[in-house]
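Novice: The structure follows.
The values are calculated or read from the model by the stated rules, or taken from the named source; none is laboratory data. Worth saying up front: this structure is predicted, and the values here are computed from it rather than measured. In this analysis, Cβ positions are derived from the backbone assuming ideal geometry, glycine residues included, and neighbour counts consider all displayed protein chains. Heavy atoms of the whole protein, side chains included, go into the accessibility calculation; ligands, DNA and RNA do not. Shrake-Rupley method; radii C 1.70, N 1.55, O 1.52, S 1.80 Å.
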Amino acid sequence: MTSAGTDLVELAKAAIEYCYDQGWTDGLPVVPATAADVAACLATTPHPADEIIGSQPHLGRSVTVAQAAANAIMAGCKPEYFPVVLAAWQAVTHERSSRGAWQSTSGPAPLIVVNGPVRTRLRINYAGGAFGPGFRPNATIGRAIGLIVRNGYGVRPQELEQATQGLPGRWSVCLGENEEMSPWEPLSVVGGVPAGVDAVSAMLIRTVEYIDNRSTDSAEAVLTDFADTLARMGAYVGGPHSSGGLVLGPEHAQLLGNAGYRRTDVQQWLFEHAVRDPAEMAAAGKGEHVGDGPFRMLPSAEAIPIVVAGAANAAMSMVFRPFGWAAWTGRSVPVEWKEQ
Amino acid sequence: MFETIVDPTVGPAETVERGRPSLAQRPESLAGLRLGLLANTKRNAEQFLADVGRELADHYGIVPVVAVKKPNIVETAPAELMSELTEHCDIVVAGVGDCGSCSASAVADGILLEQAGIPAAVIISDAFTVSANAMADLRNAPGYAYVTTPHPVANLTADGVRARAAQAVPGIVALLTEPVMAAASA
């Protein structure tokens, strides 16, 4: 109990402090959730309040729709974001790599990609600064996933969560795809959802790293630059392969599209060219299981997800690094809205 | 004052069994007992346990009979592996908990084996005692004892693993024979 008295601002601050005291926050202030907030979220989705949407059997914990709603509100979501939060949660959960991700030393982040008209309706940023910050749905939908993990599963840093270094912005990597400037079909169409349907795709990633290449009009030159970063040895974790994907800036995407490359052509090119010499691998202490010839650093062409996001104001792109040996399942999740 | 704030940690009805798990009774001697080894997929884990098994056979008269590797480091060993161990073994050594999730799940495996009546010794690398203890708390076995080995294990050579296994053996023997579990007092 604080001495907030009747000053409403002091009361609001005291409520935020109360949430800190309960151990409910990720370090930033949360919006205290009420039963009315949870009801407002539930009104947006066909899923019932007590439906279980995720379980960690080894922890004896499960998460319900209502619990996800409380955490979404706390993250700063508006109730109308909630169907996207649920789709994002489902997309993350059906990725095989999510089973151990929350406790892992790798400390991976969900990369959440939104397609469809919902991007404009909710103002989910897919243009300049798509990786953030500055846009409420992008920042809070990702954060909701993190709070569900923390409060729903009880996985907290330096307890059950054992991230060695963690990741900047771990719970805020949510962006729209820039469908308007992409030369290709939406990612969600690759993921099995019809064009024009709101959908979310997700992977767990360990980082993103930029490729800045504004000096060529050659598609192959840009692809060569991508392949070099994709073949970085530091990302190789032993076993069969490392993995990688691309969030292409619109300029790079259009350069490739105008040169006649389909998305699958880009994937195939990168699969074939992201290679390392086994001797280099050995010199870095990573020479086991890499064979004799050029070693392909990526698992397959299909396992190199390609997304388009950002502004067409400079020719730069991001490589992202999936967690573990995982490749994207290739399954997008349609956003389900309650029929009005 | 803030009763109207929803507690975001409250999930569906508890799925974990409450109450302290009962731990297996300790044998007076290890000689002649059948040993099971429950490895995870972390690098050097199987070798570490195999070396422990050899030491226990050479110096304590234990008979290694089962060596299994669980397929997933995050979750507890699947039922078929558990029954293989409980049907054919008198004692089990499990590990090595040398990552965030596998340290916790190794402790969970140990507690499940104890509940099935099998004395178990779990090996955890000393970088992961926090998550191991968190799992023990989650399973209502605060103070659950395990053997630690210095982190890391994954980069050890075969000789290094053997030396480490030998170091761990006295602690393993103590866990398998002495009533050291805080949770055993229930």
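Novice: Would you check the accessible area of B:His151, probe 1.4 Å, heavy atoms only, in square angstrom rounded to 10?
Specialist: 80 Å²
Novice: In debye, nearest 20, what is the charge dipole magnitude of the range A:185-326 about its Cα centre with +1 on Lys and Arg Cβ and -1 on Asp and Glu Cβ, if you could check? Don't skip to the answer; put the middle values down first.
Specialist: On the way: 9 positive and 16 negative charges, 66 e Å.
The dipole magnitude comes to about 320 debye.
Novice: Could you give the dipole magnitude of the range B:34-181 about its Cα centre, charging the beta-carbon of Lys and Arg +1 and that of Asp and Glu -1, in debye to the nearest 20? All intermediate terms of the calculation are to be shown ahead of the outcome.
Specialist: Details: 9 positive and 16 negative charges, 52 e Å.
Here the range B:34-181 has a charge dipole of around 260 debye.
Novice: Any idea how far apart A:Glu220 and B:Thr86 come out in nm if each label point goes 7 Å out from Cα toward Cβ?
Specialist: 6.4 nm
Novice: If you don't mind, another one. Peptide B:91-100: average number of partner chain Cβ atoms within 10 Å per residue? Could the numbers behind the result be given before it?
Specialist: Numbers: counts 0, 0, 0, 0, 0, 0, 0, 1, 7, 14.
If you average over the peptide's residues, the count of other-chain Cβ atoms is 2.
Novice: When you look at the Cβ of every residue in A:154-167, what mean number of other chain Cβ atoms sits within 10 Å? Before the final figure, lay out each step's value.
Specialist: Numbers: counts 4, 5, 1, 0, 3, 8, 12, 5, 11, 1, 3, 0, 0, 0.
Average per residue, whole number: 4.
Novice: Would you be so kind as to identify which of B:His59, B:Thr148, A:Ser172 lies farthest towards the positive end of the dipole of the protein assembly as shown, taking Lys and Arg as +1 and Asp and Glu as -1 on Cβ and the Cα centre as origin?
Specialist: Checking the options against the dipole of the protein assembly as shown, the answer is A:Ser172.
Novice: Any idea of the accessible area per residue across the range A:71-186, 1.4 Å probe, to the nearest Å²?
Specialist: Working: 3800 Å² over 116 residues.
Here the residues of the range A:71-186 average 33 Å² of exposed surface.
Novice: Which value, in Å² rounded to 10, gives the accessible area of B:Asp137 with a 1.4 Å probe and all protein chains present?
Specialist: 90 Å²
Novice: Can you give the accessible area of A:Thr329 in Å² (nearest 10), computed on protein heavy atoms with a 1.4 Å probe?
Specialist: Here the accessible area works out near 60 Å².
Novice: A follow-up question, please. In debye, nearest 20, what is the charge dipole magnitude of the range A:8-207 about its Cα centre with +1 on Lys and Arg Cβ and -1 on Asp and Glu Cβ, if you could check?
Specialist: On the way: 14 positive and 16 negative charges, 52 e Å.
I would put it at about 260 debye.
Novice: How high is the relative contact order of chain A, in percent, with contacts defined as C-alpha pairs under 8 Å that are six or more residues apart? Mind showing how you got there, number by number?
Specialist: Working: 689 pairs, mean separation 71.7, N = 340.
Result for chain A is 21 percent.
Novice: Can I ask one more? Considering only B:Cys102, B:Asn44, B:Gly171, whose Cα is most displaced toward the positive end of the charge dipole of chain B, charges sitting on Cβ of Lys, Arg (+1) and Asp, Glu (-1)?
Specialist: Looking along the dipole axis, the top candidate is B:Asn44.
Novice: Tell me, what is the percent relative contact order of the range A:14-65, built from C-alpha pairs under 8 Å that lie six or more residues apart? Show your work: numbers first, answer last.
Specialist: Numbers: 36 pairs, mean separation 11.7, N = 52.
For the range A:14-65, the relative contact order is 22 percent.
Novice: Could you work out which residue, out of A:Ala36, A:Ala72, A:Ala327, moves most in a Gaussian network model of chain A, that is, has the largest mean-square fluctuation with Cα springs under 10 Å?
Specialist: For chain A, modelled as a Gaussian network with Cα springs under 10 Å, the answer is A:Ala36.
Novice: Tell me what chain B gives for mean residue ellipticity at 222 nm when only DSSP H runs of n ≥ 4 count, each as -39,500 (n - 2.57), the sum divided by the residue total, rounded to 500 deg cm²/dmol. Can you show the working numbers first?
Specialist: Details: 5 runs with 72 residues, N = 186.
Value at 222 nm, helices only, nearest 500: -12500 deg cm²/dmol.
Novice: How many Å² of accessible surface get buried when A and B come together, counting both sides, probe radius 1.4 Å, rounded to the nearest 100? Please report the intermediate quantities before stating the final value.
Specialist: Values: alone 15200 and 9230 Å², together 21770 Å².
Buried surface at the A/B interface: approximately 2700 Å².
Novice: Along the positive direction of the dipole of the range A:221-324 (beta-carbon charges: Lys, Arg +1; Asp, Glu -1; about the Cα centre), which of A:Gly287, A:Gly324, A:Asn258 reaches farthest?
Specialist: Sorting the options by dipole projection puts first A:Gly324.
Novice: Now, a different point. Kirkwood Rh and Cα-based Rg: tell me the resulting Rg over Rh for chain B, rounded to two decimals. Provide the component values of the computation, followed by the final result.
Specialist: On the way: Rg = 16.9 Å, Rh = 16.7 Å.
That ratio equals 1.01.
Novice: Moving on to the next point. Can you compute 3J(HN,Hα) from phi for each residue in the range A:96-107, using the Karplus curve 6.51 cos²θ - 1.76 cosθ + 1.60 with θ = phi - 60°, rounded to whole Hz and x for Gly and Pro?
Specialist: 4, 5, 6, 4, x, 4, 5, 9, 6, 4, 5, x
Novice: Also: Treating the Cα atoms of chain A as identical point scatterers in vacuum, please give the log10 of the normalised Debye intensity I(q)/I(0) at q = 0.09, 0.15 Å⁻¹, two decimals.
Specialist: The Debye formula, applied to the Cα set alone, gives -0.50, -1.24.
Novice: In square nanometres and to one decimal, what's the mean projected area of the convex hull around the Cα atoms of the range A:213-325?
Specialist: Working: hull surface 27.4 nm².
About 6.8 nm², averaged over all directions.
Novice: While we're on this one: When DSSP beta bridges are limited to those with both residues in the protein assembly as shown, what percentage is antiparallel, rounded to the nearest 5?
Specialist: Values: 25 of 50 bridges.
Of those bridges, close to 50 percent are antiparallel.
Novice: How much of the accessible area of chain A, in percent, comes from carbon and sulfur atoms when a 1.4 Å probe is used?
Specialist: On the way: 7470 of 13940 Å².
That fraction is 54 percent.
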